[in-house]
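What follows is a set of notes on a single structure, which appears directly below.
The values are calculated or read from the model by the stated rules, or taken from the named source; none is laboratory data. Every value quoted in this text rests on a predicted model; they were computed, and no experiment measured them. Cβ: placed from backbone, ideal geometry, glycine included. Neighbour counts: every protein chain shown. Heavy atoms of the whole protein, side chains included, go into the accessibility calculation; ligands, DNA and RNA do not. Shrake-Rupley method; radii C 1.70, N 1.55, O 1.52, S 1.80 Å.
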Amino acid sequence: MTREERRLKEAQDRTAHWRRWGPYLAERQWGTVREDYSAGGTAWDSFPHDHARSRAYRWGEDGLAGISDNHGRLCFALALWNGRDPILKERLFGLTGSEGNHGEDVKEYYFYLDSTPTHSYMTYLYKYPQAAFPYGDLVDTNRHRDRRAPEFELIDTDAFAGDRYFDVVVEYAKSTPDDVLIRISVTNRGPEPAEIHLLPTLWFRNTWSWAANGGERPRLAEHAGSPTIEARHATLGARWLHCDQAPELLFTENETNTERLWGVPNADRHVKDGINDYVVRGRADAVNPAREGTKAAAHYRVVIASGATATVRLRLTDVRVTADPFGEFEHVVARCRQEADEFYATIIPERLSADARNVMRQALAGLLWSKQFYLYDVARWLDGDPAGPPPPAERRAGRNRDWRHLYNEDVISMPDKWEYPWYAAWDLAFHMIPFALVDPGFVKAQLVLFLREWYMHPNGQIPAYEWALGDVNPPVHAWAALRVYRIERRRRGRGDREFLEKVFHKLLLNFTWWVNRKDAEGKNVFQGGFLGLDNIGVFDRSAALPTGGHLEQSDGTSWMGMYCLNMLAIALELARDDPAYEDVASKFFEHFVYIAHAMHDLGGEGLSLWDEDDGFFYDVLHADSHHERIKVRSMVGLLPLLAVETLEPEIVDKLPGFKRRMQWFVDNHPELREHVEDMARPDGRTRRLLSIVSRDQLTRVLRIMLDEDEFLAPHGIRAVSRIHQEQPYVLRIDGMEHRVDYEPAESSSGLFGGNSNWRGPIWFPVNYLLIEALQKFHHFYGDTLKVPFPASSGPMLDLWSVAAEISRRLTRIFLRDENGCRPVYGGTERFQRDPHWRDLILFYEYFHGDNGAGIGASHQTGWTGLVAKLLQQSGE
């Protein structure tokens, strides 16, 4: 074992709490649903960025390059001031949903460079302009652009002109689980000396103002006249922040400045923005002369020569150090960095190039940095706090009112801690796949967590996300649990059957919810609404259709077919040791066959989601007695490929009850046999392929999917076919035109806020599932099935090779090409050529359908972190 692996084992065995401290601060707490107490549920307007420096948060905290304990009680982060900004840089700035021409968007440059799973070593880089930060320009310019124009980014302003900026690197290294060494290194990239104010800040999350946790107020105070801040908390105990050199210690309270925000006199003399007002506005009375409070900062003022680096060292520990707190500092940091290298040497394949190893390590670092302490008690949020005014009465009929049971107080993997600082259930399932490479214990705990009774609805629904807990995400939880089980089994020689059994029992409830709620007519054809694909349809699929009726969804039904097969595979795995699972395996086998058949014969009426003439699957509009295929060539028609599984005789022959029942079913339902394909092996034993698509349908769909004029892009599979660039799909109803065009970049539609686009770009999660499906088909067909790749003129390849080629197209988004450029950065010259930028990787939410440039949330390392798994399994 490496030292980091031993830490993971100690954490798992609960002999050492290595995960107590981590990067659990959000990067945006303002503008979230949890902080919204408005009557109309207008979260962005209810708590804007302008309030964040002055207003105490109720449900969490945010900060720059920050950490906290695993319950978010004591927080540490960095604040900066360049002498020109109107406010301290305490948190990342970005546009709200209404300010951005493509929805909310962070307007900063920051990078997760490294992290171990226990956060024993972490590195973060922030690029801070020396000129005044262009807050107003970013808001005004984006506000005046329409949806057809690109977003106006910080790099498009003069903020980095002449290289006048600071590279601010924050490193964390743990000597023990509760002894965290912090090094802040600031490099002046500009041509002349420049001054910067560094304010490492320690504060307590405000729990006392709401009478939460008993209302007891913790305290920070200067320790015995030394450059040390002492922290005391009722449940966390005592901590000390030792500050190197002799900074000025500043103290205030983490209390709302009601006077600034609403003209109401402050209850406390010293308030949350007191340190800001002391440094920026020169108000000496804004900080507490008694040197105590609930928020404190060490104020360093440094002039840095051109090209030089200034360093500040701190140490947050549970032991009061009387000797030199920094005597072993450099040795510990160097050792932790070396231990991180040793750990990743066991994870990242040696065969990869240095560039690919860098991409993979930053992808895993982004996953690990995107953990966040998440607190949300829906009942208290709806009813209000005992110490506060009651919320508006409208909330009783508003958002999340049916989820009063939900109580979240956990460290959770987030999609993006600025743009999406709240969990999304189907995103999290994809996060867990690359996460399983480094920390399977955390992964299994996350998957189990979302099935616990204080998360899952009593009716069996898994919570979606805070904006609408009751929205429907694709049912990929079972797939993730099975994949994690198999990844751990492959890496460690055995799988965790107790974990698999635990999730299986709860997923039975969720599966039943899907069957009862999303099969409108009981015909094994499923709806589900937008199902994570936002604007992919010609209609908003989460709203009532303008035609009335409902959609028979190709994707909804495909997801359920895949869900059946995942549950079948889990049941068969568990039945190896417990024959009681054979019966439930039979149930999922039969249910899958019914679903697969229903896609080709809706309710026995002869109507199919498969179009024989086109060789493709479509949604079907069902209004009164009228049925009409919605002929949009989209990912919706590719998802039927995901429902595929091979039953091997080595498993089936050991389960006589399941085998007997399956054979009876096949023999007595000849009309359903087309979805169970048999293949005799040379030894006379039978393999069986369960699939929604037949072999002929598979080849016909692949003919379209692998066509470079349709779905196959230089960097993956598009979400909508490029054929709709010249031939948009148009549906006219009651004088209104509804249409889908091929849009390879940002969306021109306002559906779902307009901040994501499924009408042409490349998305990693569905690409990953398609790759896996092709591998599964190859597992059954082998070299007997080959297709041209690309479809129009390419060589004949087996499906395993096709999957590998798609995988490499995806990974090439991030790798330098023959010209030394990374497609992810498009035409942004600074990222392509500047040595201080070119090896810093951003893992965007989705990618341009034609050139691979990154679009959407810039730190969506969650599911785009799948690139780490692709590099690990398929190389470059």
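Based on the inverse mean of 1/r over its pairs of different Cα atoms, what is the Kirkwood hydrodynamic radius of region 522-609, in Å?
14.4 Å
Quick one: what does P(r) look like for region 796-857 with 10 Å bins over all Cα pairs, in whole %?
Going out from 0 Å in 10 Å bins, region 796-857 shows 22, 48, 22, 8, 1 percent.
Give me the percent of Cα-Cα pairs in region 293-422 that sit more than 26 Å apart, rounded to a whole number. Write out the running numbers ahead of the final one.
On the way: 4990 of 8385 pairs.
Value for region 293-422: 60 percent of Cα pairs lie more than 26 Å apart.
Relative to the Cα centre, what is the charge dipole magnitude of region 346-466, using +1 at the beta carbon of each Lys and Arg, -1 at the beta carbon of each Asp and Glu, and rounding to the nearest 20 debye?
Values: 13 positive and 15 negative charges, 26 e Å.
For this selection, approximately 120 debye.
Can you return the aspartates and glutamates within cross-link range of residue 654? Criterion is Cα-Cα under 17 Å, with same-chain partners fewer than 8 residues away left out.
573, 577, 578, 582, 583, 683
Just to make sure I understand: if all protein chains stay in place, what is the order of 153, 488 by accessible area at 1.4 Å, largest first?
Numbers: 153 50, 488 20 Å².
Output order, biggest surface exposure first: 153, 488.
In Å², and per residue, what accessible area does the chain have when probed at 1.4 Å with the other protein chains present? Write down the numbers at each step before the final one.
Details: 30320 Å² over 876 residues.
I get 35 Å² per residue for the chain.
Per DSSP H run of at least 4 residues, take -39500 (n - 2.57); add these up for the chain, divide by its residues and hand me the 222 nm value, nearest 500 deg cm²/dmol.
Working: 24 runs with 259 residues, N = 876.
So the helix-based figure for the chain works out to -9000 deg cm²/dmol.
Report the one residue of 77, 54, 42 whose Cα lies farthest in the direction of the positive end of the charge dipole of region 1-89 (charges on C-beta: Lys and Arg +1, Asp and Glu -1; origin at the Cα centre).
My answer, from the dipole projection, is 77.
Which of the listed residues, 670, 846, 24, is farthest toward the dipole's positive end in the chain, when Lys, Arg count +1 and Asp, Glu count -1 at the beta-carbon?
After comparing all options, I get 24.
Out of 773, 728, 756, whose Cα points farthest toward the positive end of the dipole of region 705-789 (charges: +1 Lys, Arg; -1 Asp, Glu; placed on Cβ)?
So the residue furthest toward the plus end is 773.
Mind checking the dipole of region 407-453: about its Cα centre, +1 per Lys or Arg Cβ, -1 per Asp or Glu Cβ, Debye to the nearest 20?
140 debye
Tally Lys/Arg at +1 and Asp/Glu at -1 over every other residue whose Cβ is under 13 Å from the Cβ of residue 380; what's the total? Intermediate values should be presented prior to the final figure.
On the way: positive: 34, 58, 395, 404; negative: 377, 383, 385, 409.
Within the 13 Å Cβ shell, the charges total 0.
Determine the sum of side-chain charges near residue 817: Lys and Arg each +1, Asp and Glu each -1, restricted to other residues whose C-beta is under 14 angstrom from that of residue 817. Numbers along the way, then the final one.
On the way: positive: 808, 809, 812, 816, 822, 833, 838; negative: 355, 818, 876.
My count for the surroundings of residue 817 gives +4.
For residue 506, which aspartates and glutamates qualify as cross-link partners when the Cα separation must be under 15 Å and same-chain residues fewer than eight apart are set aside?
453, 498
Is region 121-197 rounded, prolate or oblate when judged by the Cα gyration tensor, a ≥ b ≥ c being the square roots of its eigenvalues, rounded requiring a/c under 1.5 and prolate requiring a/b larger than b/c?
Details: a/c = 3.54, a/b = 1.78, b/c = 1.99.
Taking the square roots of the gyration eigenvalues as a ≥ b ≥ c, region 121-197 is oblate.
Work through the residues other than residue 722 whose Cβ is under 10 Å from its Cβ and net out their charges, Lys, Arg +1 and Asp, Glu -1.
Values: positive: 633, 718; negative: 707, 708, 709, 710, 726, 850.
In short, -4.
Which lysines does residue 776 reach when only Cα atoms under 19 Å apart count, and residues fewer than 8 places away in its own chain are ignored?
786, 869
How big is the charge dipole of the chain about its Cα centre, in debye rounded to the nearest 20, if each Lys and Arg gets +1 on its Cβ and each Asp and Glu gets -1 on its Cβ?
On the way: 104 positive and 127 negative charges, 402 e Å.
The dipole of the chain has a size of about 1940 debye.
How long are the semi-axes of the equivalent ellipsoid of the chain, defined as square roots of 5 times the Cα gyration tensor eigenvalues? Whole Å, largest first. Working shown, then result.
Values: eigenvalues 452, 166, 155 Å².
So the three semi-axes of the chain are 48, 29, 28 Å.
Can you give the angle from 0 to 90° between the axis of helix 425-435 and the longest principal axis of the chain, with both taken from C-alpha atoms, to the nearest 10?
Value to nearest ten degrees: 80.
Give the accessible area for residue 631 in Å² (nearest 10); use a 1.4 Å probe, count only protein heavy atoms, and leave out ligands, DNA and RNA.
We get 80 Å² for residue 631.
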